[in-house]
Amino acid sequence: MASQDWFDKDFYAVLGVSKDVSAPELKKTYRKLARQFHPDSNPGDPASESRFKEISEAHSVLSNPELRQEYDQVRAMGSGARFTAGGQSGGFEDVFGGMFGGGGGGQRYSGGQQYGGQSGSSFEDLLGGMFGGGGAGGPAGFRGGPAKGRDLAATTTLDFATAINGETIKLQPAGGRPMNVKIPAGVNDGQKIRLKGKGEASPNGGQSGDLVLTVTVRKHPIFEREGNNLRVSVPVTFVEAALGATIEVPTLGGAPVKLKVAPGTPSGRVLRVKGRGVTTTRATGDLLAEVQVAVPNRIPEAALEHLEAFAKAMPSENPRDDLIARARS
């Protein structure tokens, strides 16, 4: 769902890619930046943590084809539809919000969830009010009518599994009644959810405003989300990788699944489990198990003798010869 702040955020610039970047190149760039700025790689560095959040938000939108198309449309419209009022720039919501009762004032949710004023209404709702009915397609001529209540903004933090599976959560406004909010399955970190009629009441009998809920998703200890796919690194022994094996791979919230590792599997190869990723109303992703060959820290004496014999029996070749040759070319 489109976000008001998409007018101001250039996600392509955040990732350093062109607007016609392909999905594989986008994924490659994101993974490189995510590794560079991940909080685990930069402990105690607020700047890196902030940069990581910007990168994650940009990737969550651009990696989703439908969200990316919507974002491009919003940005295209925003480039020619900026207004200035009172020394501050804003979009359609800012300008029309002042006409129909938008403005400041806010409330705060307890439990780390904030609830604040967001001026105005959506562009279609506002045009509908101006022209006497349901949106920009209404009859010409201004007839006025009841003003829509103000939109409100809130934030909430979800566990990784809750964001993937969906759940009904409870928001508690200060001095107000608890509010049940249904989180759809598959929401992304940084995604905004518009809840119709959950904002402030109209001052003169019109529709209530909406609640725009921004979702933050906690990191999972082993799973990483890539679009609708889930990625997990799976260690295998040298023997399993060399000779082949059947291994168990964990799934999110379910029983492990068995996968075959082919003989001679290198570290970094990805094994795919169909349909065990993120399920949304539009699609279901896969589970991507990335093989990592684990080297033992300590080798028993008897095994070491066999390993040395193995090394002597193998052909004398340097797997880095091609790398060095290409570096010189």
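Here segment 53-76 is scanned for amide nitrogen atoms under 12 Å from the site 7 Å beyond the Cα of Glu25 along Cα-to-Cβ, giving none. Per-residue extension of 0.36 nm, minus the Cα-Cα distance of His38 and Ala255, leaves a gain of 75.2 nm for this segment. Measuring r between the beta carbons of Asn318 and Ser233 and using R0 = 30 Å, the FRET efficiency lands at 0.65. Packing order of peptides 321-328, 161-168, highest average first: 161-168, 321-328 (average count of other Cβ atoms within 10 Å over each peptide's residues). Only lysines eight or more places from Lys219 in sequence, or on another chain, were considered; those with a Cα closer than 26 Å are Lys9, Lys27, Lys28, Lys32, Lys53, Lys170, Lys182, Lys192, Lys258, Lys274.
For segment 224-304, the share of DSSP beta bridges that are antiparallel, to the nearest 5, is 65%. Among Glu317, Glu54, Glu200, sorting on how many other beta-carbon atoms sit within 10 Å of each Cβ, with the fewest leading, yields Glu317, Glu54, Glu200.
No value in this document is a laboratory result; all are computed from the given coordinates. Just so we're clear, the structure is a prediction, and the values are computed from it rather than from any experiment. Glycine gets a Cβ as well: all are built from the backbone with ideal geometry, and neighbour counts include every protein chain shown.
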